[in-house]
């Protein structure tokens, strides 16, 4: 098949494709097609060709959308990364994804330069200082007004395009030392004397006028010949990184078939029509941000693009543009409701994912007729696995619905056997949306797959009607006195308390029981928060004794990643520190009923294997299986991030258009 934009423009060339939220400027599919064609030509002129890995580090802006389509036209693999990465974080990401070229903008150019040539830049700076002269290799252009004017520059500059065409010849290797080794090769010292030889480890291209000589300017790049790519379903289309909430982010390969199947299944479940308008306020480096763009192109709908998330402004945009759909995480939705009370009557879909949705938030949406669709998904499944309708969410608190079309979802025990309805186990997903694996990491790929498909590392259960409830991660499971405790069950119980708005639960070391249950609680009212004793009493009527939280701490908010997922390592660290304080308190006082919750006298082993809800606990003697703790990124069409947009330049057909004059920068 050809790229989707080519098919779309043949069908509905005059249909609205893109709207810049701040200015209201619009682009038709014909205009977007011409812009993508021009950008593809300029990338080709810089030496980018089919099969290359085009990494992009930018905030949300029209050029990002153009680049997405230009990449598909050229037959390259798009590698979106967060614009908020530090140089130390960006460098290994580029290496892991074997990036051929890095596309940046004025906001991310410095980070890109430092990530791809920090050692060379340091050496040149030292040499320049010794010679008492400015460093032409790492300093911005001599005109101090350039930096201030970069966002609105209309002029072009002469840049060294050679830097953007000399892709790393080793980009097909999986050698993590490649970048460092290159610096030790003969001739490396010459960079100090000759800055032009200090090429970045990955060629750099900016959609804004560059401030560093080593960065090529896309707008002034020569036009190259573009042979539009023909795609097979098995061809890798993109490499997206997991959020890394439990470990180092991993590069997930998504094929054309993965993305196509996800877009079709999502549209089928949500009832997408050509008249829909989707507000994109999530960072495009997440599946929840980028998938609506692919889906919109496939179905000919419009996307309203915001630079970043502001709760009041985002809520206003829903009304201003008669938006019918938006992807959010619970924190974003709560803030929008707090800012405006309710949301636009034009909405048909509020896809809510990225983190578990508190029952009270879903109830609030139901009360105010906000059409919330709780969903469960991850980067490895090209977004959604299951999605609930508003009525389903209201009738069955905590559910994230049934599987999407074509998706097989089973719940399995530690041996890989499917468990009966109502029993907990690891969620295993199979179907055409599931990734073929992690780029360059066969070990992680093999560990993630087993009987039935992809082992998500998430624990949950399906009820008798097939509705999914997600509890927690496999490696979050607490083993106390030989009994298994799923933190999600304890969290759900704590959230039922009228004085609790949110909670996170983890196991902390215990000399007697191995681990004990600890909870980090966000009260509704910090001035009138329930005590630890009150919460334990509340839970005692609903949970088996071995599941009761023995250590409780209160916070204004839970630590979260930029996708809205609870940052579990941070939670464990906070609760482990609190547990140590409790142990010291116990040494001073034998009273078990302290505010922080000392250990109960009940032996967990005497309380049976069933929780209060009757579900059997897993056998602690068997080996837990599945992807490692950092393998999977629970995202959905609703990952949160502040994403961006920037400057004004180019026209609808100059290869960098759509322009940034219409970006919705706050």
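Okay, residues lined up against (1) part of a loop (DSSP other than H, G, I, E, B); (2) touching a strand residue (DSSP E or B) at 6+ places or on another chain (Cβ under 9 Å); (3) under 28 Å from residue 102 (Cβ atoms); (4) touching a residue at least 60 places away in the same chain (Cβ under 8 Å):
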{"position": "7", "(1), (2), (3), (4)": "no, no, no, no"}
{"position": "27", "(1), (2), (3), (4)": "no, yes, yes, yes"}
{"position": "30", "(1), (2), (3), (4)": "no, yes, no, no"}
{"position": "37", "(1), (2), (3), (4)": "no, no, yes, yes"}
{"position": "43", "(1), (2), (3), (4)": "no, yes, yes, yes"}
{"position": "47", "(1), (2), (3), (4)": "yes, yes, yes, yes"}
{"position": "50", "(1), (2), (3), (4)": "yes, no, yes, yes"}
{"position": "58", "(1), (2), (3), (4)": "yes, yes, yes, yes"}
{"position": "64", "(1), (2), (3), (4)": "no, yes, yes, yes"}
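It is to be established whether one or more residues within the stretch 460-469 are buried (at least 20 other Cβ atoms within 10 Å of the Cβ), touching a residue at least 60 places away in the same chain (Cβ under 8 Å) and out of contact with any helix residue (DSSP H, G or I) (no Cβ under 9 Å at 6 or more places or on another chain).
yes
For the stretch 521-565, enumerate the residues that are under 17 Å from residue 335 (Cα atoms), surrounded by fewer than 23 Cβ atoms within 10 Å (Cβ to Cβ), modelled with pLDDT under 90 and in contact with a helix residue (DSSP H, G or I) (Cβ under 9 Å, 6 or more places away or on another chain).
560
Limited to the stretch 503-520, what total is found for residues that are out of contact with any helix residue (DSSP H, G or I) (no Cβ under 7 Å at 6 or more places or on another chain) and surrounded by 24 or more Cβ atoms within 10 Å (Cβ to Cβ)?
Adding up the residues that qualify gives 1.
Go through the residues of the stretch 58-79 one by one and say whether even a single one is farther than 22 Å from residue 257 by Cα and either modelled with pLDDT under 95 or in contact with a helix residue (DSSP H, G or I) (Cβ under 6 Å, 6 or more places away or on another chain) (or both).
Within the stretch 58-79 (the criterion being farther than 22 Å from residue 257 by Cα and either modelled with pLDDT under 95 or in contact with a helix residue (DSSP H, G or I) (Cβ under 6 Å, 6 or more places away or on another chain) (or both)), the answer is yes, since at least one residue qualifies.
Which numbered condition trips up residue 1, out of (1) closer than 24 Å to residue 234 by Cα; (2) buried (at least 21 other Cβ atoms within 10 Å of the Cβ); (3) touching a helix residue (DSSP H, G or I) at 6+ places or on another chain (Cβ under 9 Å)?
(2)
Taking the options 323, 350, name whichever one is under 20 Å from residue 394 (Cβ atoms) and modelled with pLDDT of 95 or more.
350
Would the stretch 411-419 turn up any residue that is buried (at least 19 other Cβ atoms within 10 Å of the Cβ) and either in contact (Cβ under 8 Å) with a residue 40 or more places away in the chain or in contact with a helix residue (DSSP H, G or I) (Cβ under 8 Å, 6 or more places away or on another chain) (or both)?
yes
Can you say whether residue 238 is in a helix (DSSP H, G or I) and modelled with pLDDT of 95 or more, as far as the supplied structure shows?
When the stated conditions are applied, residue 238 does not pass them.
Looking at (1) crowded, with 16+ Cβ neighbours inside 10 Å; (2) more than 23 Å from the chain's Cα centre (by Cα); (3) part of a helix (DSSP H, G or I), which one does residue 370 not meet, given that it meets all the others?
(3)
The values are calculated or read from the model by the stated rules, or taken from the named source; none is laboratory data. In this text the structure is predicted, and so the values were computed from the model without any measurement. Here Cβ is always computed from backbone atoms with ideal geometry, including for glycine, and neighbour counts include all displayed protein chains.
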